[in-house]
Amino acid sequence: MARIGFLGLGNMGLPMAKNLLAAGHDVVGFDVTPKAREAATAAGISVAEQAADVLSGAEAVITMLPAGDHVRAVYLGPDGLLAGAASGTLFIDCSTIDVASSREVHEAAAAQGHAMVDAPVSGGVSGAEAGTLTFMVGGNDDAFQRAKPHLDIMGRNIVHAGGAGNGQAAKICNNMILGISMIAVSEAFALGQRLGLDPKTFFDISSAASGSCWAMVNHNPVPGIVETSAANRDYQPGFAAAMMHKDLKLSQAAASQSGAATPLGAEATALYTLFVNAGNGGLDYSAIIKMIKGGPGA
Ligand code: NAD
């Protein structure tokens, strides 16, 4: 069993680190927040005094941080992880961050003789707890093969998406589809209701016809249609609107840097910005139907 360093023991990181510990690894973690450190200690994880201490003897170091700024700050510079690590250390960044920052860190890791993958996840906190996350992995074949046994412990579906940053690319492109399609589903159900269509009848028709999509069938925004939808629990997430908003903004940063035209992605980002700025970031992303209908809570 290996020694694994783990930085960022928040909502996702802590249950992921717990699964590595339960699989018999020696996990040494660190988080800047005292509350997160206390929760990790209570879970039996050894907590380091400072970030650099997780490097000592570590075969692999996993990071699960909020955004690209945090990842760059932790990895780069004279006091960063890359400078302090023994040559050949494997770094696995599971944070969801912008593609450009991810590629910058990959390049610095390679220049300093380390292996690296970006491995953002889908599956949320429940998937992290159950060890059933999907990992979308970017990096070379060797790094992927070294990371896979660790990812297998924390997830169920480990997909190699290509070279450096491609895990991030896959994640934000997928979530751009999801955000756009949730808005499309919400508009269609709102229009149908105004035209006198019963939502369940419309669902039975459309989910078996050409309008069907994953958002409609799995996260239907109208209560009483799909049993597992957040709509049936007052839109408690699930997948929070704030997270969808973050991923859509990342898609737009990537679109502008790469010159891709994503007009519907831009529109979806603008609508989720309005929704989140109105104080709805903590609701499930499917709650955007309330704003689209113009009803209470919009
Ligand atoms: P979180 O805010 O709960 O956890 C992030 C942790 O990183 C915090 O505890 C914070 O204190 C810590 N941190 C920040 N800077 C640090 C540093 N320099 N050194 C050590 N620790 C530091 O966030 P989360 O929900 O766990 O999400 C983590 C990442 O996973 C994000 O990029 C998010 O977009 C992504 N993600 C989250 C979900 C979800 O459902 N929560 C789902 C998929 C992906």
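The values are calculated or read from the model by the stated rules, or taken from the named source; none is laboratory data. Quick caveat: nothing in here was measured; it's all calculated off a predicted structure. Glycine also receives a Cβ, built like all others from the backbone with ideal geometry; neighbour counts cover every protein chain displayed. In case anyone asks, the SASA skips ligands and DNA or RNA and just uses the protein heavy atoms, side chains included. Shrake-Rupley method; radii C 1.70, N 1.55, O 1.52, S 1.80 Å.
In percent, rounded to a whole number, the relative contact order of region 169-294 is 33, using alpha-carbon pairs under 8 Å and six or more apart.
Under 8 Å for C-alpha pairs, at least 6 residues apart: give me the relative contact order for region 3-163, rounded to a whole percent.
Taking the mean separation of contacting Cα pairs over the length of region 3-163, I get 20 percent.
In the chain, Cα pairs under 8 Å separated by at least six residues give a relative contact order of 12 percent.
Helix 166-194 axis versus longest C-alpha principal axis of the chain: approximately 20°, rounded to the nearest ten. Candidates Tyr285, Gln112, Thr262 compared by Cα position along the dipole of the chain: farthest toward the positive end lies Tyr285, with charges placed on Cβ. A 1.4 Å probe, protein heavy atoms only, puts the accessible area of Glu104 near 90 Å².
Relative to the dominant Cα principal axis of the chain, helix 13-22 is inclined by about 60°. Sequence-ordered 3J(HN,Hα) estimates for region 78-92 from the Karplus curve with 6.51, -1.76 and 1.60 and θ = phi - 60° stand at x, 9, x, 4, 5, 6, x, 7, 5, 4, x, 5, 9, 10, 10 Hz, glycine and proline given as x. The convex hull around the C-alpha trace of the chain, projected and averaged over every direction, spans 16.1 square nanometres. Counting only Cα atoms, the size of region 169-294 along its three principal axes is 43, 31, 24 Å, in decreasing order. Quick one: Cα centre-to-centre distance for region 1-47 and region 230-290, in angstrom? Here the two parts' Cα centres lie 30 Å apart.
Sorted by packing (mean other beta-carbon atoms within 10 Å per residue), highest first, where do 90-99, 108-117 land?
On the way: 90-99: 25.8, 108-117: 19.8.
The most tightly packed comes first, giving 90-99, 108-117.
Rounded to the nearest 500, the 222 nm mean residue ellipticity of the chain from helices alone is -14500 deg cm²/dmol, with -39,500 (n - 2.57) taken per DSSP H run of at least 4 residues. Seen against the Cα atoms of the chain and their longest principal axis, helix 99-111 is set at about 20 degrees.
Taking Rh as the Kirkwood radius, which is the inverse of the mean 1/r over Cα pairs, what is the Rg/Rh value for region 25-138? Please report the intermediate quantities before stating the final value.
On the way: Rg = 13.8 Å, Rh = 14.7 Å.
Result: Rg/Rh = 0.94.
Straight-line reach from Lys171: taking Cα to Cα under 12 Å and skipping same-chain neighbours fewer than 8 places apart, the aspartates and glutamates in range are Asp98, Asp118, Asp247.
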